[in-house]
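The values are calculated or read from the model by the stated rules, or taken from the named source; none is laboratory data. Source: prediction; values computed, not measured. Cβ sites come from the backbone with ideal geometry, for glycine too, and all protein chains shown count toward neighbours. With ligands, DNA and RNA removed, areas are computed over all heavy atoms of the protein, side chains included. Shrake-Rupley method; radii C 1.70, N 1.55, O 1.52, S 1.80 Å.
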Amino acid sequence: LYVVLSFILLTIYFCNHYIISITRTQLYSDINTIPARKVGLVLGASKKTTRGTNNLYFSYRIQAAFQLFKAGKVQYLLVSGDNHIKGYDEPSDMREALMALGVPDSCIILDYAGFRTLDSVVRCNEVFGEDSITIISQEFHNQRALFIANKNNIKAIAFNAQEVNKNYSFKTRFREYFARVKCVLDI
């Protein structure tokens, strides 16, 4: 039992450390230093939490995408997310939020098949033909997305949206450790 538990913990540690270390130089938090790219890929999140309150991950990603667009760091925003059930449509929610901030509809591209981060990143290249992108999400999520982009020969950088308070995000951050293991196995 201890051997199995040790193996699992070492695998989680290795995958997390590996993803963080190889993507470190591709992350930006300062809008003034990030290079301009034609397309920003906004990774999906639910607009509301399970309790019905505004989801800060969603709000902060939208704000970051708008800032990049307004500063001329991206010309188009590819919003990629899940819409597999009726009444749940991340891409349309992101488009509406961006338009409410002043981003023209003609500058927003919707990807309705971004069911997971792997899908969003790979489809950006395979479906939409983009091989040089700026990924927009929170830092921990950007690290995994950049890892996927690197392994699929996509020239990507990432802009870190505002972080969410650790108390608010414990479950999401805990889940991320396992998502990174799955990501390494997927690749």
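Points to keep in mind about this one:
- Region 12-42, subset of a type in the set (Val, Ile, Thr), over 19 Å from GLY102 (Cβ atoms) and not in a loop (DSSP other than H, G, I, E, B), residue most open to solvent (accessible area, probe 1.4 Å): THR25
- Tally of residues being crowded, with 17+ Cβ neighbours inside 10 Å, of a type in the set (Phe, Trp, Tyr) and farther than 16 Å from VAL121 by Cβ across region 153-187: 0
- Of all the numbered requirements in (1) part of a strand (DSSP E or B); (2) within 28 Å of LYS171 (Cα to Cα), GLY52 misses one, and that requirement is (1).
- Candidates ILE133, ILE109, ILE34, filtered to the one that is within 13 Å of the chain's Cα centre (by Cα) and within 29 Å of VAL184 (Cα to Cα): ILE133
- Applying a threshold of 6 Å to beta carbon distances and a minimum spacing of six or more residues, or different chains, the list of pairs starting in region 88-105 at a residue that is in contact (Cβ under 8 Å) with a residue 12 or more places away in the chain and within 10 Å of LYS47 (Cβ to Cβ) and ending at one that is open to solvent by 50 Å² or more (accessible area, probe 1.4 Å) and among the charged types (D, E, K, R) reads ASP93/LYS47.
- The lone criterion from (1) out of contact with any Cys (no Cβ under 8 Å at 6 or more places or on another chain); (2) of a type outside the set (Val, Ile, Thr); (3) in a helix (DSSP H, G or I); (4) open to solvent by 40 Å² or more (accessible area, probe 1.4 Å) left unmet by GLY87 is number (3).
- The lone exception for ALA45 - which of (1) surrounded by fewer than 19 Cβ atoms within 10 Å (Cβ to Cβ); (2) hydrophobic (A, V, I, L, M, F, W, C); (3) modelled with pLDDT under 95 it fails: (1)
- Number of the exception - GLY129 against (1) buried (at least 16 other Cβ atoms within 10 Å of the Cβ); (2) over 18 Å from ALA65 (Cα atoms); (3) small (Gly, Ala, Ser): (1)
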